[in-house]
Amino acid sequence: MGLFSFHKKDELGEDFDTGSVVPEDLYDISNLELKDVLAPSALQITPRELNLGEQVARMFFIISFPRYLTENWFSPIINLEKVFDVSIFIHPIDTAPVLKKFQKKVAEVQSQIHERESKGMVRDPKLDAAYENLEELRDSLQQAEQRLFDVGVYISVYAKTKEELDKAEDHVKSMLESQLIYLKPALFQQDQGYRSILPLCTDELFVHSKLNSSPLSSIFPFISFDLTAENGILYGINMHNSSLVLFDRYSMENYNSVLFAKSGSGKSYCTKLEILRSLMFDTEVIVIDPEREYEYMASATGGRYFNISLSSEHHINPFDLPPVHEDESPADILRQNIITLVGLFRIILGGLTPEEDSLIDRAITETYALKDITGHSDFTNHTPPLLSDFELVLSGMEGSESLLLRLAKYTRGTWAGFINKPTNVDINKKFVVFSVRDMEEDLKPAAMYIVTNYIWTAVRRELKKRLLVVDEAWFMMKTDDTAGFLYSVAKRGRKYFLGLATITQDVDDFLKSPYGVPILQNSSIQILLKQSPTAMDRVQETFHLTDEEKYLLLESQVGEGIFFAGSKHVAIKVIASYTEDQIITSDPSQLLAIKKEQENLGGGSATM
C-alpha cells in the first residue's frame with residue numbers, strides 16, 4: 001500500500017527553491033498540463049482497490065471464456081446501471097507460426113484417438129471435439145476466413161464505499177459466471193489495471209485470451225438494450241444509441257399504459273402521436289378530453305367530437321346496458337351495472353350513508369324491473385329506463401326524502417339535460433373524442449365516470465382492437481368510485497381487446513389513491529417525461545429509478561424521458577414528422593398560425 005504525491009522539479013531535475021524563483025519562472029510553474037487536471041488530488045493504492053478521493057475503484061480482468069460465446073453476451077455489462085469503465089485490447093497474432101503449431105497439435109490429438117482405438121478403448125468425446133475444433137479453425141485460418149488475436153478485457157467498477165463496491169463485484173461476477181465467463185480482480189496490480197483502463201491505449205496487465213474473429217466480434221461494446229420489435233408503432237428515438245423505439249402494446253400481457261409528466265413537458269403531444277400512428281394500424285381510439293386539446297385532431301382525421309356539458313346536445317343515459325353474449329350471464333351483467341350506478345349516485349349525490357346505499361341499490365333493481373329487465377332473461381333489445389324513472393320508483397320508498405331532494409336537480413333542475421335523456425351519441429368511428437372541458441368542475445369526475453362507463457358498455461358490444469385514452473386521469477382519482485371503476489377497466493379490458501392509456505400531470509393525486517398503484521401495476525407500458533422537483537422523490541421511489549435516471553427526468557427537454565416496457569426501459573425522445581406535428585401540436589402559436597393559413601385558403605370560412 002502506498003500514497004502517491006506529486007513533487008515538481010525544474011528542468012535540471014533539481015527541487016525548486018520558491019524563495020529564489022523569478023516571476024517568469026513562477027508563471028511557467030503555474031501552467032497546468034492535461035494530466036494535472038485529470039489526476040486526483042490524492043491516490044491510495046491497496047491490493048484490491050484504489051481510493052480516488054470520493055470514490056473507490058476496483059479493476060478486474062476476464063481470465064476465461066467458454067467454448068462458445070453467444071451474441072450480445074456483453075450487453076448486461078454495457079447496460080449495467082453503475083459507474084464503470086471497460087477497456088478491450090486486441091493484439092493480432094501472425095497466422096503462419098500458429099498454423100505450424102496447429103498442425104503439430106492436430107497430429108498429437110489424432111495420435112491419441114488412434115491409440116485409444118487400437119487398444120479397444122471407448123472413444124473420448126473430449127478428444128473428438130478437440131480434433132473437430134482444431135481442424136475447423138485451422139481450415140478457417142488457412143483460407144483467411146478467420147484470424148487469431150490475443151484479447152484482454154479489463155473492467156473497472158466505481159462506488160462510494162467498499163461495501164457498495166463488493167456488492168457491485170458480486171453483481172458483475174454473477175452475470176458473467178452464469179455464462180461461464182470468469183472474472184478476477186487484479187490483485188496487487190490495481191495501479192497497472194487503472195492505467196490500462198485509462199484512454200491512453202497502454203496495456204499493462206497483459207492478461208490475454210486467444211480468440212478468433214467470430215467470438216471476438218461478440219464483444220463489440222457499442223450495444224445497449226433496445227425496444228425495437230418487428231411489429232408496432234414508433235414511440236421515439238432511443239437517446240442512448242439512437243435506435244428506434246418500436247413497440248406494440250397489444251403484444252404484452254395487458255394493453256394498458258400510464259404516462260406521468262409535468263405540465264408543458266409534451267405528454268399530450270406524445271399521446272396524440274401514438275394515437276395518430278395507432279390509427280394507421282386499424283386501432284379504434286376513444287379519448288376522454290378534459291381540456292379540448294383533441295378537437296382539431298378529430299377534425300383532421302375524420303373522427304367524431306362530442307362535447308359533454310349541461311347545455312350540450314349530446315346525452316348519455318347511464319342506465320344503458322351491454323348486450324348479453326353467449327359466455328355471459330344476464331344476472332352478472334345486470335349486477336355489475338347496478339354496482340356501477342350505485343357508484344355514480346355516490347358521486348352526484350355527495351356520498352351515501354349505509355341506509356341510503358341499500359335504498360339506492362333496491363331502487364335501481366326495481367327501476368330495471370319496470371322495463372322487464374331482470375337477471376333471469378335476455379334484455380339485449382329492451383329499452384333502458386331513465387333517471388326520471390328511477391326517481392319515480394325511489395319516491396315510493398320510505399326514507400327517500402333526502403335522496404329525492406338531492407336528485408331533483410338532475411331530473412328537473414338545471415342539470416336535467418345532463419343524464420336524464422336517452423343516449424344519442426354514436427362511437428361508430430375509428431377516432432372518437434369526448435370533451436368535458438365545458439362541464440362544471442364539480443361535475444367533471446361524474447362526467448368522466450359516465451362517459452367511461454358508456455365506452456365500456458359500447459366496447460363490450462363488439463370485439464375490436466381499441467385504445468381508450470383518459471387524459472388528466474387525476475380527475476377520476478379524486479374519488480374511490482371513479483378510481484375503482486378506472487381500475488376495473490384496466491383489469492378487465494384485455495378480454496375485450498381494449499387498451500387503457502392513463503395520462504396525468506398530478507402524480508401525487510394519482511398515486512395517493514388506493515387504486516393508483518394497482519393501475520400502475522396493471523400497465524405494461526409506463527412513460528415518464530420531465531418531472532417537477534416536488535414530485536420527483538415519489539416518482540423515483542415508485543419506479544425504482546437510479547439517481548442518474550432521476551436527474552435525467554429533472555433536466556429533460558420537452559418530449560424526453562424514460563420509456564418502460566415490461567422489464568426493459570430506455571431513455572426516449574419523442575419525434576414527429578412535419579405533417580404529424582401540424583396535426584397534433586398543442587402549441588398556441590402554432591395553432592394560431594394553422595388557423596390563419598386555413599382561413600386564407602378557405603376565404604375566411606375555416607374554423608378550428
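The values are calculated or read from the model by the stated rules, or taken from the named source; none is laboratory data. It should be emphasised that the depicted structure is a prediction, and the values quoted were computed from it without experimental measurement. Don't worry about glycine lacking a Cβ; one is built from the backbone with ideal geometry, like all the others, and counts go over all protein chains shown.
Among the residues of region 239-249, what is the count of those that are more than 27 Å from A490 (Cβ to Cβ) and surrounded by 14 or more Cβ atoms within 10 Å (Cβ to Cβ)?
5
Among the residues of region 565-576, count how many are modelled with pLDDT of 90 or more and either in a loop (DSSP other than H, G, I, E, B) or surrounded by fewer than 20 Cβ atoms within 10 Å (Cβ to Cβ) (or both).
Residues in region 565-576 being modelled with pLDDT of 90 or more and either in a loop (DSSP other than H, G, I, E, B) or surrounded by fewer than 20 Cβ atoms within 10 Å (Cβ to Cβ) (or both): 4 in total.
Quickly run through region 332-354 and pick out the residues that are in a loop (DSSP other than H, G, I, E, B) and not hydroxyl-bearing (S, T, Y).
L349, G350, G351, L352
Out of region 270-319, which residues are part of a loop (DSSP other than H, G, I, E, B) and in contact with a strand residue (DSSP E or B) (Cβ under 6 Å, 6 or more places away or on another chain)?
Listed by number, the residues that qualify are T283, R292, Y294, T301, G303, I308, H314.
With the condition being in contact (Cβ under 8 Å) with a residue 60 or more places away in the chain, I'd like the strands (runs of 3 or more DSSP E) fully within region 34-133 carrying at least 3 qualifying residues.
Hits in region 34-133: 55-64, 84-92.
Restricting to region 421-442, and then to whatever is more than 20 Å from T301 (Cβ to Cβ) and touching a residue at least 60 places away in the same chain (Cβ under 8 Å), can you tell me which residue is nearest to the chain's Cα centre (by Cα)?
Taking the candidates together, the pick is V436.
Please work out which one of (1) buried (at least 17 other Cβ atoms within 10 Å of the Cβ); (2) in a loop (DSSP other than H, G, I, E, B) is the condition V469 fails and give its number.
Here V469 clears every test but (2).
Looking at this structure, is N428 modelled with pLDDT under 85 and not in a helix (DSSP H, G or I)?
So N428 fits the description; yes.
Does at least one position in region 321-331 carry a residue that is assigned to a helix (DSSP H, G or I) and either in the same structural domain as K478 (by TED's automatic domain parsing) or more than 27 Å from T271 (Cβ to Cβ) (or both)?
Checked against the condition, which is being assigned to a helix (DSSP H, G or I) and either in the same structural domain as K478 (by TED's automatic domain parsing) or more than 27 Å from T271 (Cβ to Cβ) (or both), region 321-331 yields at least one hit.
Can you give me the ranges of the strands (runs of 3 or more DSSP E) entirely in region 143-229 with at least 1 residues that are surrounded by 16 or more Cβ atoms within 10 Å (Cβ to Cβ) and at pLDDT below 90?
Hits in region 143-229: 148-159, 209-212.
Please specify each residue of region 367-388 satisfying the condition of being under 47 Å from the mean Cα position of the chain (by Cα), assigned to a helix (DSSP H, G or I) and more than 16 Å from D332 (Cβ to Cβ).
Within region 367-388, T367, L387, S388 meet the criteria.
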